[in-house]
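Any read-out appearing in this document is the output of simple, stated calculations on the displayed coordinates, not a laboratory observation. Worth saying up front: this structure is predicted, and the values here are computed from it rather than measured. In this analysis, Cβ positions are derived from the backbone assuming ideal geometry, glycine residues included, and neighbour counts consider all displayed protein chains.
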Amino acid sequence: MNVTTVTKRCTAVLAASVFAMALGAAPGAQAAGPKKGGTLVAVWQLEPHTLYSARGGGSSPLIVNTKILEKLVRQVAIDKFEPELASSWDISSDYKTYTFKLRKTNWHDGKPFTSADVQFTLKDVLAKLSSNGLLRAIEKVETPDAQTAIVHFSRPAPEYLALASLAASQSSIIPKHIYAGTKYSKNPANNAPIGTGPFKLKEWARGSHVEMVRNEGYWQKGRPHLDRLVIRYIRDPGARAAAMEGGEVLLAVSNPFPGPEIDRLAARPDLVADKKGYDTSKWQMLMEMNVRNPILAKKQVRQAIAYAIDQNFIVDTIFYGLGNASTGPIPVSQTRFYSPDTASYPYDPKKAGELLDKAGYPVKADGKRFTLKLVASPWFTENKKTGQYLKQVLEDIKIGINMETPDRGGTIRQIYCNYDFDITVSNSIASADPLIGTTHWFTSNGIRKCAAFRNASDYSNPALDKVVDQAAVETDPAKRKALLAEFQKIAMENVPIMHLVDIGMTNVVNTKVHNYSFTSQWMYDSWKDVWLEK
Amino acid sequence: MNRTFLAVRRRLLQAVPVVFGIVAIIFLLLNLSPGDLVDVMAAEEQISDPQVLEQIRAEYGLDKPIYVQLANYVWNIVHLDLGYSFRHSQPVWDVIVERLPATLILMSVSMALALFIGGLAGVVASIKVNTLYDNLISVVAIIFFAAPSFWIGLMMMVLFSVKLGLLPVSGMYTIGGDYSLAGEIWDVTRHLVMPSFALGLFYAAIYARVMRASMLEVSGLDFIRTARAKGLGEKRVAFKHILRNALLPVVTLFGLQLGTMLAGSVVIESVFSWPGIGTLVFEAVLTRNFPLVMGVLLFGSILVVIANLAVDLVYMRLDPRIELR
Amino acid sequence: MSPLLQVCDLTTHLFTVEGVVKAVEGLSFDLDADETLALVGESGCGKSMTALSLMGLVPDPPGRIVGGQVLLGDRDLLQLSEHEMQKIRGNEIAMVFQEPMTSLNPVFTVGDQIVESVLTHRQVSRRQARERAVELLDLVRIPDPRGRFDDYPHRLSGGMRQRVMIAMALACDPDVLIADEPTTALDVTIQAQVLDLLGELQGEFGMGVILITHDLGVVAGIADRVVVMYAGRKVEEAPVDDIFASPLHPYTQGLLGSMPRPGLEERLREIPGVIPSLIDMTPGCSFAPRCAKAMARCREEQPDHATIGDARVVACFAAEEEVAGRGLAVDT
Ligand SMILES: Nc1ncnc2c1ncn2[C@@H]1O[C@H](COP(=O)(O)OP(=O)(O)OP(=O)(O)O)[C@@H](O)[C@H]1O
Ligand SMILES: [Mg+2]
């Protein structure tokens, strides 16, 4: 595929025209032009503990602060980036230096936004705190003038990886004059972020909602369309549905309801179910296998377990058809890196049994081959159900299963700190680039005690490590894609982690809302283009 | 009255060691649960550096042995410092005080509703004992007793908000609504209707049944016959002589149930997105934010101590045979 | 002059799951103003049920008055509506109950409870009612009546409470006062005081008093006439002196025999046997199974009330024969 918009030089003018095209194709954009004004009330299930955390802090803070803070670049599709706080950028031929031209704009408190803020955010915050290896490789940021920031990486930074990293929801630029010299985790601005974005925080009524209002001084003329943006916190799915039906809430993102409920709501004339906007932020359900257990250390055993699982059954029954069977660590929808050329494990319990026999685990006198501890995590309600399904099918092939379902804190401790499991049901999120959040589930340096959502399996394979290390610095897109295909191939051949489902993501939207879901991680977009019918 | 004052003061002083006992037990129980705040934060924040985790643990004081942590906590409590919620970047006190009024409003209105509706239903049922009214009240009470309150809440939501559009779905006030003081009170009242009924009806059902039984029992006592022998009408007998005595078990129950109602409000607050303590403590437990959990429970136990004292004072007013000791 | 209160053929049944308890069966008696009538009988013979029937307070369910008349002046109380009856209770007929410990409402002061009685039937101000209450407390010989007024019942002794009950009953100058075993629950010295008080007050107020008791000893000093009840029925009625001098009915004789009397050192004779069940009544005289003088006829036929002389009534074949033998006129 010819990547048109990822060029070495990208001007604001060009971006604007490309963007206009994107707008035209966006769902919900009707013939009538966008209208200014109105209050969009969106709903989210979990109230964040804080509105900004330098390390990211999970989806609850991010869904709010991405409306207030901005990144240097904005990712609008798998292969499409556009300028945000940077109006343009240049990349050196060795891919180690990125030069950003910055917009002239002000922070919400009136102080000017300058290259010093970019320098501070990238060098003093992200390079120190980010879990993204590339951002940690930022060596220095030069600021020849207020509107120029030159970023030096210690190693070649592949363009796609670099832009995707800078466009990631956690890479928002924060004001140096507020944060410099303070303890980031205790800064009061964490609960009242000051940004450059289209919306300003008006009030965080704890336990209830966050209210944001239009930033009148926003750098892009005519944006945002909305006067006000409110994010309400409603924990109970039934109550969320009632709020949607009652028209009190107009937008619910990221699978706000169980499958059948989505169908019921979407059948209403005033609501639609929308499945776009998650191409570079897709959740997967996976099963980790702990190779510290000598039984699971055998590849044949892991493969046998993989054969014993009918992924389509999970998709159809547990996810009500909303999603698809994963074929590996990169979801099918991530078209830039997805490779179908991997080992696959179609449902075949007989073969699973044979493999186990061959591996030296015949059925013993007690009717079992061996017994495993299954920990099903609580992050998604489907996890526990899937755990029960796994217990069933694995017991069918005579593997005894003891299932445990600790709560959030207990699960993190048990899986990622104490490694007290044999197999798990957990989840990962597939970002734009596999190097951002996917490969560390498999690599040797992903093994970090107590660091959650990384390699808890203890799987270590020099061949895989080498491929990933190369992909981290390979600047030729085609070669890089081949390396990552190789990564998928090794991962699936050895299956220390079996990805089960690419979870289908759905938003439920009131028909009054227009121009949503057109970027590839729209939930974390600033929503400056959304408008409401009066 | 002076004696009452002394007794109240003594009771409050006696409550102090009890509260500290509760604090210590809860503290130890909480620390028995696997995982700590840092685990949860590490997961959310994608912290991958074990050294950083150790740093944070040291900063939060989680690296010390449990008994040292407990001693520190108690020491701080003595100095009226509830600690710091690192998760909220706020002192625990501030976090709680911000959310406490909503819970207090919800609980007191629910309790008032429960007492009024349950009490009235119980009185009517006992006066009309074994009639259609009585049976009807019994059936309704059983339904509200057996049905989970979150379900009742959702059903009310579907009926009154979605279908009839009479009441706001959830929350405590209209977001961005710009009202006068009276308008604001009216707005909150409208939001309060469903959660307070959803929470209160369960207790109303209990009170109705206890009230009915208690009324019937009292109505068989000798002094009720005396009241009738005076020539008093049935209504006066029921509402003056029987009710006053029949209230005693209900008041006792009320005192006992304040604690459980605090727990019940967690569910209702979560269903109706009521910005109170309930949702806060739920989240705090899940994230192992123990200073906050402890703070809330401390508040809760003080609340229960005070409420029980108030109940005893009421009891004393209702029944002159009882004296506060 | 017609009697103050006339009870004719009063029949009160209790419809229980075990069967119909015939608590009061065809009971008749008169009460004159200024007279104390004692209603005597063993426990369970229907004395309280009689009193409650007169008050219109028979617990329903299970009880119901199934027949008879209770004439107060020219009104039949049994025909009155509940509302009309409320105007009579505590006003024209008042009652003092058996158990002083439980008959006062524990949550109101004794003063308030008396005031309530006054206010229920009299159009007076609260202050006046209060004054009246203090007056009544004084009348029943409660020391420091003003101080006691604000006391709760639990602070008073049993005797004091019974005095309060009496004060309450007298609040509206009743014509008829029913005292249902007013002293049973009290200890002996207090018993005498309360009985004396009742006697004095009866004179002062000029009421007709029905004194219910199972203790004939109580009757001697205070009653004018005695009605002896057995198993819901009247078995004998006579002026108090006649009862003690020459009891006619074997049951009355038995009662007297079981009564300790000063000077008499002989052992007390118990009436043999037990009170019959009021549910399955045998035909014939209900006392027959326990009666030494019972004849074949007694087990088949219910003896009628025979009038003997001008003031005595007895229901007993043996007594009739005996009396006839002594040459007295028997009128059945
Ligand atoms: N509520 C009731 N249900 C059933 N039977 C009753 C009830 N009340 C009284 N009785 C029965 O009615 C009969 C008469 O009772 P009553 O109370 O009039 O007796 P009494 O002569 O007053 O006895 P005591 O000296 O013990 O007071 C007794 O046999 C008693 O068992
Ligand atoms: Mg009696």
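Remind me, relative contact order of chain A in percent, using alpha carbon pairs under 8 angstrom and six or more residues apart? Each step should come with its number before you reach the end.
Numbers: 1152 pairs, mean separation 117.2, N = 534.
Here the relative contact order equals 22 percent.
Label point of C:S81 set 7 angstrom out along Cα-Cβ; within the range B:224-239, amide nitrogens under 18 Å from it belong to B:231-236. Computed from the Cβ-Cβ distance with R0 of 35 Å, the FRET efficiency linking B:Q51 to B:A24 stands at 0.60. In summary, the lysines within cross-link reach of B:K163, defined as a Cα separation below 28 angstrom excluding same-chain residues under 8 places away, comprise A:K275, A:K512, A:K534. Cross-link reach is defined here as a Cα-Cα straight distance under 17 Å, omitting same-chain residues fewer than 8 places apart; for A:K71 the lysines meeting it are A:K80, A:K101, A:K104, A:K123, A:K176, A:K200, A:K528.
Please state the relative contact order of the range A:83-139 as a whole percent: Cα pairs under 8 Å, 6+ residues apart? Write down the numbers at each step before the final one.
Values: 47 pairs, mean separation 10.9, N = 57.
It rounds to 19 percent for the range A:83-139.
Along chain C, the exposed loop sites are GluC sites (Glu not before Pro) outside DSSP states H, G, I, E and B with at most 11 other Cβ atoms within 10 Å, and the longest stretch free of them is C:19-264.
Could you give me D for the range C:101-173, from Stokes-Einstein at 10 °C and 1.306 mPa s, where the hydrodynamic radius is the Kirkwood radius over C-alpha pairs? Units µm² s⁻¹, please. My calculation gives 135 µm²/s for D.
Based on alpha-carbon atoms, the Kirkwood radius and the radius of gyration of the range B:107-286 give Rg/Rh equal to 1.07. Taken residue by residue and averaged, Cβ atoms of other chains lying within 10 Å of the Cβ of A:443-452 number 4. Taking every Cα-Cα distance in chain C and sorting them into 10 Å bins starting at zero, the pair-distance distribution P(r) comes out as 6, 25, 33, 24, 10, 3, 0 percent. Inter-label distance, A:D109 to B:R10: 5.7 nm, where each label sits 7 Å from its Cα along the C-beta direction.
Counting other beta carbons within 10 Å of each residue's own, what order do A:W441, A:W527 fall into, fewest first?
Values: A:W441 23, A:W527 28.
With the sparsest Cβ surroundings first, the list reads A:W441, A:W527.
The range A:391-409 and the range C:151-166 have Cα centres lying 73 Å from one another. Listing C:S125, C:S246 from fewest to most neighbouring C-beta atoms within 10 Å gives C:S125, C:S246. Counting neighbouring Cβ atoms within 10 Å and putting the fewest first, the residues A:R74, A:R206 line up as A:R206, A:R74.
Debye sum, Cα scatterers, the range A:264-309, no solvent: what log₁₀ I/I(0) at q = 0.14 1/Å? So the normalised log intensities are -0.61. Shielding by partners for peptide A:48-56, expressed as the average number of C-beta atoms from other protein chains within 10 Å of each residue's C-beta, is 5.
The tail of the calculated P(r) for the range A:281-503, taken as Cα-Cα distances beyond 22 Å, holds 47 percent of the pairs. For the protein assembly as shown, a Kirkwood hydrodynamic radius built from all Cα pairs, placed in the Stokes-Einstein relation at 25 °C and 0.890 mPa s, yields a translational diffusion coefficient of 66 µm²/s.
Centroid-to-centroid, using Cα positions, the range B:48-94 and the range A:317-382 are 42 Å apart. Counting Cβ atoms of other protein chains within 10 Å of each residue's Cβ and taking the mean over peptide B:84-94 gives 4. Quick check: Cα centre of the range C:289-318 to Cα centre of the range A:271-316, how many Å? For the range C:289-318 versus the range A:271-316, the Cα centre distance is 101 Å. The value given for the range A:181-285 is a Kirkwood hydrodynamic radius of 16.5 Å, derived from the mean inverse Cα-Cα separation.
Taking the Cβ-Cβ separation of A:K385 and A:E493 as r and a Förster radius of 51 Å, what is the calculated FRET efficiency to the nearest 0.05?
On the way: r = 29 Å, r/R0 = 0.56.
Rounded to the nearest 0.05, the efficiency is 0.95.
Can you work out D for the range B:51-153 in µm² s⁻¹ from Stokes-Einstein, where Rh is the Kirkwood radius over C-alpha pairs, the temperature is 10 °C and the viscosity is 1.306 mPa s? Value of D from the Cα-based Kirkwood radius: 86 µm²/s. Per residue, the convex hull spanned by the alpha carbons of the range A:59-109 comes to 120 Å³. When peptides B:76-82, A:58-64 are sorted by average Cβ neighbour count within 10 Å, with the highest value leading, the order is A:58-64, B:76-82. Kindly flag which residue pairs out of A:K183/A:K282; A:K36/A:K202; A:K373/A:K479; A:K384/A:K449 have an alpha-carbon separation exceeding 30 Å in this structure. A:K183/A:K282; A:K373/A:K479, as the Cα separations exceed 30 Å there. Given the rule -39500 (n - 2.57) for each run of at least 4 DSSP H residues, summed and divided by the residues of chain B, what is its mean residue ellipticity at 222 nm, to the nearest 500 deg cm²/dmol? So the helix-based figure for chain B works out to -25000 deg cm²/dmol. Using the empirical formula 2.2 N^0.38 Å as the baseline, the Cα radius of gyration of the range C:1-77 reaches a ratio of 1.12.
For a label point 7 angstrom out from the Cα of C:A245 toward its Cβ, which stretches of the range C:5-33 have the backbone nitrogen within less than 16 Å? The answer is none, because no backbone nitrogen lies closer than 16 Å to the label point. When the alpha carbon gyration tensor of chain A is reduced to an equivalent ellipsoid, its three semi-axes come out at 40, 28, 21 angstrom, largest first.
Using alpha-carbon pairs under 8 Å, 6+ residues apart, how would you state the relative contact order of chain B in percent? Before the final figure, lay out each step's value.
Details: 334 pairs, mean separation 85.8, N = 325.
Rounded, it is 26 percent for chain B.
Projecting label points 7 angstrom from Cα along Cα→Cβ for C:T184 and B:E184 puts them 6.7 nm apart. Simple spin-label estimate for A:L46 and B:W151 gives 2.8 nm between the two label positions (7 Å along the Cα-to-Cβ direction from each Cα).
Of the residues C:V107, B:G122, A:P346, the one whose Cα sits farthest towards the positive end of the charge dipole of the protein assembly as shown is A:P346 (charges of +1 on Lys and Arg Cβ, -1 on Asp and Glu Cβ, taken about the Cα centre).
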